[in-house]
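Okay, so here's the structure we're looking at.
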Amino acid sequence: MAGAWADFAAGLALVKEGGLTLLIQHASPGTENQANWLPAPEGPFSMIMRLYWPEVAALEGSWKAPPLQQESTEAMLANR
């Protein structure tokens, strides 16, 4: 399984600060941003985070996932 993640992660583009921006949207962001695109259904949908081997804080409920931020493709590209 680690090899599969390494293969997937190798193509991702990081932002200037070293963070990762994923484009979760229905329409393709274009070939330049294809690696960071997770296709979503058209219209409303729910986001679910699965934690593998979570830290104690997540299990106890004191850790909260960072909020999702709605951002344009142009803004994402400016941070690269």
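What follows is calculated from the coordinates using simple rules that are stated; it is not laboratory data. Keep in mind that this is a model prediction, so the values were computed, not measured. Neighbour counts are summed over all protein chains in view; Cβ atoms, including those assigned to glycine, are modelled from backbone coordinates with ideal geometry.
Here are the numbers for this structure:
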| item | result |
| --- | --- |
| Full-extension gain in nm, Asn33 to Leu14, via 0.36 nm per residue minus C-alpha separation | 5.7 nm |
| In the range 11-65, the chymotrypsin sites (Phe, Trp or Tyr not before Pro) that fall in loop regions by DSSP, at most 13 other Cβ within 10 Å | Phe45, Tyr52, Trp63 |
| Long-range amide H partners of Ala40 with built H, under 5 Å | Gln25, His26 |
